[in-house]
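See structure below.
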Amino acid sequence: MFTALQLAFRRLSFSRQFLLAIVAVLTTGMLVIGSWIGHLIETNAVNRTAAISAVYLESMSAAKLQGWPKNGTVDEATHEELDRIFIDGPLHREVLRFKLWDANGRIDYSNDHAQIGHVFPVRGRLAAAFAGKVQAQISDLKEIDNLPEQISWNQLLEIYVPIRSANDGKVYAVAEFYLSVANLQQDIRAAQQRSWGLVALSSLAVYLLLYSLVRRASNTIVVQQRDLRSQLQQLHHVLDENERMREQLREAGVSTTALNEEFLLRIAADLHDGPAQTIAFALMRFDEFATTCQGCLSSQGDAPNELNSIQNALQLSLKDVRKISSGLAIPGMTELSLADTARRAVLDFERLSGQKVQTEIDENLGNAPLAVKITVYRLLQESLTNCWRHAPGGSPQVSVQNSDGEVLVTVIDHGVGFDPQAAAVAGRLGLAFMRERVRLLGGIFELDSAPGRGTSIRVRLPLSTDEMIHV
């Protein structure tokens, strides 16, 4: 239940959350302050009434009691005088009960004559009055000395007034009298209602002031949140567009790699079927012509040597054309796995260069998109060719591994090395082409080399079909 309320509260706007919170805080504060002020009003009203009544009653009765302490009891004349005041006089309507206590807790006089002579313990407010302090409270008449009053009333204003000696000022008796609380309670309720109204109006004013400030701040926050959401949507749109363009770029890279390979195959076929065949035919005809004319030209000085030079040039040209044609084409690539493709690149290099290569090829590479296989083959072909050119005496190292859904290709040689920045300025096309091939497929190309400490090439290419489109 509490968790559901928390969730419902959090779904509210900031201003409404503040509305509920401030209402709870102000209501609690209003109740506490109102109750305290109400209690203070009641206490002050009782004390004020007690003080006024005490002064009035003391002024009327003090003169009648000056002779009382001499014999310790109220004489008949004093008794009759007090009866005229509290029973027959004007105070009998205001003072509902009057008791005169001595220091031993004995009631020496009461307008209820049945209580005269009763003795009770001197404690509480009676003891405080004998100590010289006026005491007053709205009593529920639960004390043992209030049993006669319980018969006629539920609540009375109980006041204790110390009576002092005119000679030395010592308290020699306490006058206790009871007043009706009806008018007093009406005054107290009216004052409390006014105080509650003032507290409520003050709380409402504070609430309206705070709410107006928070409402304005909340509106600002709402506008800012709306702007942020709009900007976030625009950002999502831009990111989606960037992702779409990146996917298009990757697709274009894959297609470019495949089309480039197809173009190289076509050039290789054209070289093999065109210039190579023509040169081979010319060389064949030239051999026939040279055999026929060998005897005729033997007496012509340098003519036989010229024929041999032409024949050697034609043979070298045919060999170069066939070599270029075989280097451009990679037949059967589609049927090969990625591991077989890497192994074939190494074997082709070893066959052409006569140089051994230390290989470590992961057999768990599985199949890969054609573009990846082409890129791995060309990368190994170009890297090993560079090793052969710049570190002919060494044994290059090739590693092709599966690394978290990517193929990791590493080629290391221990040759003379070079400065990569200087090579970039010099415009070395081999490195540039390798880097561009890898970039088109969304891979990572790393080159580490320095003069005197060899060269290391590390390439990461994606293997997942989710990131690479088959061609």
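The values are calculated or read from the model by the stated rules, or taken from the named source; none is laboratory data. A quick note: this is a predicted structure, and the numbers were derived from the prediction, not measured. Note: ideal-geometry Cβ built from the backbone for every residue, glycine included; neighbour counts use all protein chains shown.
Annotations for the structure displayed:
- Per-region count, segment 81-124, residues of a type in the set (Asp, Glu) and at pLDDT below 85: 4
- Segment 128-164: number of residues that are surrounded by 13 or more Cβ atoms within 10 Å (Cβ to Cβ), of a type in the set (Gly, Ala, Ser) and over 22 Å from Thr43 (Cβ atoms): 0
- The requirement of being out of contact with any Phe, Trp or Tyr (no Cβ under 8 Å at 6 or more places or on another chain), more than 23 Å from Ala450 (Cβ to Cβ) and assigned by TED's automatic domain parsing to the domain that holds Leu461 is fulfilled nowhere in segment 385-394; no residue meets it.
- Selection of first residues in segment 334-346 that are farther than 15 Å from Pro369 by Cβ and of second residues that are hydrophobic (A, V, I, L, M, F, W, C), restricted to Cβ pairs under 7 Å at least 6 apart or on distinct chains, gives the following pairs, ordered by first then second residue: Arg343/Ile361; Arg344/Leu336; Ala345/Leu380; Val346/Val357; Val346/Leu380; Val346/Val398.
- Every residue from segment 373-396 that is among the charged types (D, E, K, R) and within 48 Å of the chain's Cα centre (by Cα): Lys373
- Breaking point among (1) surrounded by fewer than 15 Cβ atoms within 10 Å (Cβ to Cβ); (2) at pLDDT below 70; (3) not acidic (Asp, Glu), for Leu65: (1)
- Qualifying residue in segment 194-210 (condition: in contact with a helix residue (DSSP H, G or I) (Cβ under 8 Å, 6 or more places away or on another chain) and modelled with pLDDT under 75): no
- Qualifying residue in segment 142-153 (condition: assigned by TED's automatic domain parsing to the domain that holds Asn104 and touching a Leu at 6+ places or on another chain (Cβ under 6 Å)): yes
- Applying the criterion of at least 1 residues that are under 60 Å from the mean Cα position of the chain (by Cα) to the strands (runs of 3 or more DSSP E) found wholly in segment 114-230 leaves 135-139.
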